[in-house]
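Taking it in order: structure first as structure tokens, then the write-up.
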Amino acid sequence: MRQAAKVIEAETTLRPLVGVVLGSGLGRFANTLTSATRFRYSDLPGLPLSTAVGHAGELIIGNVGGTAAAVMSGRFHLYEGYTPQQTVAGMHLFRELGITRVVLTNASGGINSAYSPGSLVLMSDHINLQGVNPLVGPNDDSLGPRFPDMTEVYSKRLRAIALAAGQTLGIPLHEGVYAALLGPTYETPAEIRYLRTIGADLVGMSTVLEAIAARHMGFEILAISCVTNLAAGLGEGKLDHKEVLEVGRSSSAAFLQLLGAILPQLSE
Ligand code: HPA
């Protein structure tokens, strides 16, 4: 990853302290950055080669209200065939860039009946049902401990900053527990009843492995989920990826405002 960081540092004088990963339908945030330099993942040695068709993976270094950020537009999902280690490559690149705080975003299905499509939810915790962990294998003690504590994966301090920003902007924010499944199938209604029983408010197919790797390295993490649909069996009809993308895009105005307000406070 040092090589990828070198490529980036040769092209821009910005030195981001905050990293962002944009989830499905939330990619528009990348266009709001000023003084932006864009890197295709394929030009950054150490990042996995993207296999997904039509998936423009890009890292953008730019300013958000005077704060330099590194923004990943497009992430690596297990269901695409990446290994658990590959899915967290972005976190290792962030570390090489000197980043210690990350904002992870995603689209999710809402299980908690207080949520509706378009709801924004701060992840307060997660349940890893993906069956794998990116830290399996020899531990790199220079990154973090063999048995990392996961008591507070999603920083209370950063959540408080986000909640305050939401209040100021008049954007309602929920908090909830995200269950990560492997995918790529959406869940069955029975699986959603099970997830509700075990304490999940949201369900999705990403974010958790990144959060584990980031927490292992001592990062402070904020995770924001955009509920794009009621989880299987809770709404009318079937689940559709197009709908997920559309709701992601249509709630992105609030999401963009929120990120724009939060990020400058994260580099302090
Ligand atoms: N399930 C899993 N992942 C998702 C969903 C869902 O209902 N919506 C958006 N991502």
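The values are calculated or read from the model by the stated rules, or taken from the named source; none is laboratory data. Keep in mind it's a predicted model, so treat the numbers as computed, not measured. Note that each Cβ is placed from the backbone with ideal geometry, even for glycine, and that neighbours are counted across all protein chains shown. Accessible surface areas use protein heavy atoms only, side chains included; no ligands, DNA or RNA. Shrake-Rupley method; radii C 1.70, N 1.55, O 1.52, S 1.80 Å.
Structure data summary
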| quantity | calculated |
| --- | --- |
| Debye log10 I(q)/I(0) for the range 101-194, one point scatterer per Cα, at q = 0.12, 0.13, 0.21 Å⁻¹ | -0.52, -0.60, -1.22 |
| Charged-residue dipole, Cβ positions (Lys, Arg, Asp, Glu), the range 1-120 about Cα centre, Debye nearest 20 | 160 |
| Equivalent ellipsoid semi-axes - Cα gyration tensor, the range 1-124, angstrom | 25, 18, 13 |
| Relative contact order for the chain, counting Cα pairs under 8 Å that sit 6 or more residues apart, in percent | 27 |
| The chain: DSSP helices with Cα axial extent of at least 15 Å and average Kyte-Doolittle hydropathy no lower than 0.0 | 156-169, 252-266 |
| Anisotropy class of the range 147-201 from Cα gyration tensor, a/c 1.5 cut | oblate |
| In the range 121-184, trypsin sites (Lys or Arg not before Pro) in a DSSP loop with at most 13 other beta-carbon atoms within 10 Å | R146 |
| Whole-percent carbon and sulfur share, accessible surface of the chain, 1.4 Å | 53 |
| Cα centroid separation, the range 207-258 to the range 59-98 (Å) | 16 |
| Förster-model FRET efficiency, 22 Å R0, A36 and E9, C-beta, rounded to 0.05 | 0.90 |
| Rounded, prolate or oblate (a/c below 1.5 giving rounded, otherwise prolate when a/b exceeds b/c) for the range 185-268 by Cα gyration tensor | oblate |
| Long-range HN-HN contacts of S108 with modeled amide H, under 5 Å | C226, V227, T228, N229 |
| Integer Hz, Karplus 6.51/-1.76/1.60 couplings in order for the range 19-29, x for Gly and Pro | x, 10, 10, 9, x, 3, x, 9, x, 4, 4 |
| Solvent-accessible surface ranking, highest first, for E236, E9 at 1.4 angstrom | E236, E9 |
| Convex hull volume per residue in cubic angstrom - Cα atoms of the range 51-139 | 166 |
| Calculated [θ] (222 nm, deg cm²/dmol) that DSSP helices of n ≥ 4 give over the chain, each run adding -39,500 (n - 2.57) | -8500 deg cm²/dmol |
| Of T67, L256, L245, farthest towards positive along the dipole that unit charges on Lys, Arg, Asp, Glu beta carbons give the chain | T67 |
| Virtual spin-label span in nm between N133 and T188, 7 Å along Cα→Cβ | 2.8 |
| In sequence order, calculated HN-Hα J values of the range 117-127 (Karplus, 6.51, -1.76, 1.60; Hz; x Gly/Pro) | x, x, 4, 9, 10, 7, 6, 9, 5, 9, 10 |
| The chain, Cα convex hull volume normalised per residue, Å³ | 121 |
| Length-normalised contact order for the range 117-268 - Cα pairs under 8 Å, 6+ apart - percent | 38 |
| Calculated FRET value between R28 and Q167, using beta carbons and R₀ = 30 Å, to 0.05 | 0.80 |
| Positive-end extreme of charge dipole, the range 138-189 - chosen from Q167, N139, L181 (charges on Cβ) | Q167 |
| Order of exposure, largest accessible area first, which applies to I262, I198 with probe 1.4 Å | I198, I262 |
